[in-house]
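S.K.: Sending over a structure as structure tokens; questions will come in a sec.
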Amino acid sequence: MSSDSPASASPAAARRLDQHLQQTLPHGRVAQTRPAGCPDLNLWLFDPQVLEGPLSHDEAQAVVDAPAYWSFCWASGQVLAAWILRHPEAVAGKRVLDFGCGSGIVAIAAARAGARDVIACDLDPAALDAAEANALANGVTVARCEDFFRRPAGIDVITAADVLYDPDNRPLLATFHDAAPTVLLADSRVRDLGDDRYQLKTVAEARTWPDLHEFEEFNRVRIYRCDSASSGAAS
């Protein structure tokens with residue numbers, strides 16, 4: 001859904017993101033950039049120019065202990081966002097919840113594609129701040145949800161990108177199926193979901209932005225769609 005708020009208001013929100021980053025990296029900051037895998041969207045992401053040399057031991061440990069996932073735009077998020085912008089009919093007029101929203105790129109794409117309502121869902125409050133700031137930078141708005149199991153009722157579409165990196169998260173496939181009539185899932189870590197309800201739609205290449213120089217296999221993203229008769233009611 002569109003917003004009348006000017007994108008120029010985003011720098012104030014970006015200062016809040018800087019504050020989040022600086023809890024881990026004292027010199028950390030965000031900068032506006034357009035991810036190569038989805039250049040139609042403009043995001044506040046980690047600015048690699050602040051790294052003038054290797055991290056100190058304490059800084060590296062802090063990054064590992066509390067990673068700011070939201071400050072990078074991962075390959076699957078870029079690919080799914082670009083796919084939604086090419087296929088707006090998948091979300092247009094619908095209530096969409098983006099699970100594990102991170103930077104918010106998929107939620108923003110859904111809003112740009114004409115979704116009736118878009119909810120950014122993440123356990124990390126900093127990620128929700130990032131999603132709001134990035135939505136504002138793209139002239140749309142998103143609502144916040146910190147707990148998927150206390151989500152609003154009436155979700156039509158669940159989107160999720162790169163949430164299966166931990167094998168313990170695999171039950172999410174069934175959870176999503178039961179929670180909404182349609183699920184759009186993108187993943188670069190799992191080659192076989194092991195769930196026939198999820199049908200492969202396409203495969204595309206993208207790299208984390210800013211580039212983390214991950215293994216090439218993690219740059220190959222698969223998009224799946226699952227359709228069911230679920231009501232999407234909260235549970």
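The values are calculated or read from the model by the stated rules, or taken from the named source; none is laboratory data. Note that the structure is a prediction, hence the values are computed from the model and not measured. Glycine gets a Cβ as well: all are built from the backbone with ideal geometry, and neighbour counts include every protein chain shown. The area values use the complete protein model at the heavy-atom level, side chains included, leaving out ligands, DNA and RNA. Shrake-Rupley method; radii C 1.70, N 1.55, O 1.52, S 1.80 Å.
S.K.: Take the chain, mark every one of the chymotrypsin sites (Phe, Trp or Tyr not before Pro) that falls in a DSSP loop and has at most 15 other Cβ within 10 Å, then report the longest stretch left between them, sites excluded.
M.R.: Excluding the exposed sites themselves, the longest stretch runs over 1-164.
S.K.: HN-Hα J couplings of region 156-171 from phi, Karplus 6.51/-1.76/1.60, θ = phi - 60°, integer Hz, Gly and Pro as x?
M.R.: Once θ is set to phi - 60°, the couplings for region 156-171 become 8, 9, 9, 10, 7, 10, 6, 10, 9, 4, 9, x, 5, 8, 4, x Hz.
S.K.: Could I ask something else about it? Please give the charge dipole size of the chain, origin at the Cα centre, charges +1 on K and R Cβ atoms and -1 on D and E Cβ atoms. Round to the nearest 20 debye.
M.R.: 760
S.K.: Could you tell me which Cys residues in the chain have no other cysteine's Cβ under 4.7 Å from their own Cβ, answering none if every one has a partner?
M.R.: CYS38, CYS73, CYS101, CYS226 - these cysteines have no disulfide-compatible partner (Cβ-Cβ under 4.7 Å) in the chain.
S.K.: Ok, one more. In region 121-235, what is the volume of the convex hull around the alpha carbon atoms, normalised per residue and reported in Å³?
M.R.: 126
S.K.: What length, rounded to one decimal in nm, is gained on full extension from ASP65 through to GLN19, with 0.36 nm per residue of separation minus their alpha-carbon distance?
M.R.: 14.8 nm
S.K.: Could you provide, to the nearest whole Å², the per residue accessible area of the chain with probe 1.4 Å?
M.R.: Normalised by residue count, the accessible surface of the chain is 47 Å².
S.K.: Could I ask something else about it? Bin all alpha-carbon pair distances of the chain at 10 Å intervals from 0 and give each bin's fraction as a whole percent.
M.R.: Binned Cα distances yield the sequence 8, 34, 38, 17, 3, 0.
S.K.: Can you run the Rg to Rh ratio on region 153-206? Use alpha carbon positions and the Kirkwood inverse-distance Rh.
M.R.: So for region 153-206, dividing Rg by the Kirkwood Rh gives 0.94.
S.K.: In nm, to one decimal, how far is the ASP58 label point from the GLU146 one, both placed 7 Å along Cα→Cβ?
M.R.: If labels sit at ASP58 and GLU146, their model points lie 2.9 nm apart.
S.K.: With no solvent and one equal point scatterer per Cα, compute the Debye intensity ratio I(q)/I(0) for region 118-157 at 0.20, 0.30 Å⁻¹ and report its log10, rounded to two decimals.
M.R.: Log10 I(q)/I(0), no solvent term: -0.59, -1.01.
S.K.: Same structure again: Got a number for the accessible area of ARG16? Probe 1.4 Å, square angstrom, nearest 10.
M.R.: 120
S.K.: At 7 Å along the Cα-to-beta-carbon direction for both ALA174 and THR202, put a label point, then send me their distance in nm to one decimal.
M.R.: Taking the simple label geometry, ALA174 and THR202 are separated by 3.2 nm.
S.K.: Could you check how much of the accessible area of the chain is carbon and sulfur, as a whole percent, using a 1.4 Å probe?
M.R.: Answer for the chain is 51 percent, counting heavy atoms of protein chains only.
S.K.: OK, next. For region 128-186, what's the radius of gyration and Dmax over Cα atoms, in angstrom?
M.R.: Using the Cα atoms of region 128-186, the pair Rg, Dmax is 13.0, 36 Å.
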